[in-house]
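Just below is one structure, and these are the notes that go with it.
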């Protein structure tokens, strides 16, 4: 995997969209992950910035319904 300096994470109930960019801003990763694989994915990455975008269904996470 190329060096990732920033991850864009679109929060949703079950399927998360992930977009990774390198230090130069070029796309190095695009992925869809389900809830069960999300933590495993982030545990395997080196330290980087994670920017989260929340759609209307992401309020589910804030309510603690998990």
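Quick look at the numbers
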quantity: When segment 6-59 is reduced to its Cα atoms, the Kirkwood hydrodynamic radius in Å; calculated: 11.6 Å
quantity: Packing-based ranking, highest mean first, of 7-17, 31-41 given that Cβ atoms within 10 Å are counted; calculated: 7-17, 31-41
quantity: Spin-label model distance (nm) - residue 38 vs residue 53, 7 Å beyond Cα toward Cβ; calculated: 1.6 nm
quantity: Segment residue 5-residue 30, length gained on full extension (0.36 nm per residue, minus Cα span); calculated: 7.6 nm
quantity: Contact order normalised by residue count of segment 6-59, Cα under 8 Å, 6+ apart, percent; calculated: 44 percent
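Coordinate-derived values only; no laboratory data. From a predicted model like this one, the values you see are computed outputs, not experimental measurements. Reconstructed Cβ throughout: ideal geometry from the backbone, glycine too, with neighbour counts over all protein chains shown.
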